[in-house]
Amino acid sequence: MTWMDEARAVLKRYHDETPGTVSLEDRKRHLRQICPAHFRSTSWGRKVWPKACKEYLKRFEPITKSDAAIPVGHLSPLEKMMRRAAP
């Protein structure tokens, strides 16, 4: 089991125990509190835990309008050129 797998397992347990009505700010606060001790005491753990939390919290962030949702007719000439050039 890797560090990321372990962090995801801790976050999954937290998600299963938490009601769906908890706000995003409360979730962030709880995640700082439930961080396992060995993640706090090692350099690798301090790198992996925030990445796993960010991955987990993405699904609770408000949905924003992405560039892909904008119709092509509403783009500026520069944006059209950039979209054509993108792979």
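Projecting the Cα atoms of Pro77, His30, His15 onto the charge dipole of the chain, computed from C-beta unit charges around the Cα centre, puts Pro77 farthest toward the positive end.
Contact order for the chain, expressed relative to its length and based on alpha carbon pairs under 8 Å spaced 6+ residues apart, stands at 34 percent.
Each Lys and Arg contributes +1 and each Asp and Glu -1, all at the Cβ; summed about the Cα centre of the chain, the dipole is approximately 240 debye. Sparsely packed loop sites in region 4-38 (the trypsin sites (Lys or Arg not before Pro) outside DSSP H, G, I, E and B with at most 12 other Cβ atoms within 10 Å) do not occur. Counting only heavy atoms of the protein chains and using a 1.4 Å probe, Leu78 has close to 100 Å² of accessible surface.
Helix-only estimate, please: 222 nm mean residue ellipticity of the chain, summing -39500 (n - 2.57) across DSSP H runs of length 4 or more and dividing by its residues, to the nearest 500. Walk me through the numbers on the way to the answer.
Details: 5 runs with 54 residues, N = 87.
Taken over the chain, the calculation gives -18500 deg cm²/dmol.
How much of the accessible area of the chain, probe 1.4 Å, is carbon plus sulfur, in whole percent? So the carbon and sulfur contribution to the accessible surface is 58 percent.
Shape of the chain from its Cα gyration tensor (a ≥ b ≥ c, root eigenvalues): rounded if a/c is under 1.5, otherwise prolate when a/b > b/c, or oblate? Prolate is the answer for the chain, as a/c is 1.5 or above and a/b outweighs b/c.
The values are calculated or read from the model by the stated rules, or taken from the named source; none is laboratory data. Predicted, not measured: the structure shown is a model, and the values here were computed from it. Every residue, glycine among them, receives a Cβ derived from its backbone with ideal geometry; neighbour counts consider all protein chains shown. Calculation scope for accessible area: heavy atoms of the full protein, side chains included, ligands and nucleic acids excluded. Shrake-Rupley method; radii C 1.70, N 1.55, O 1.52, S 1.80 Å.
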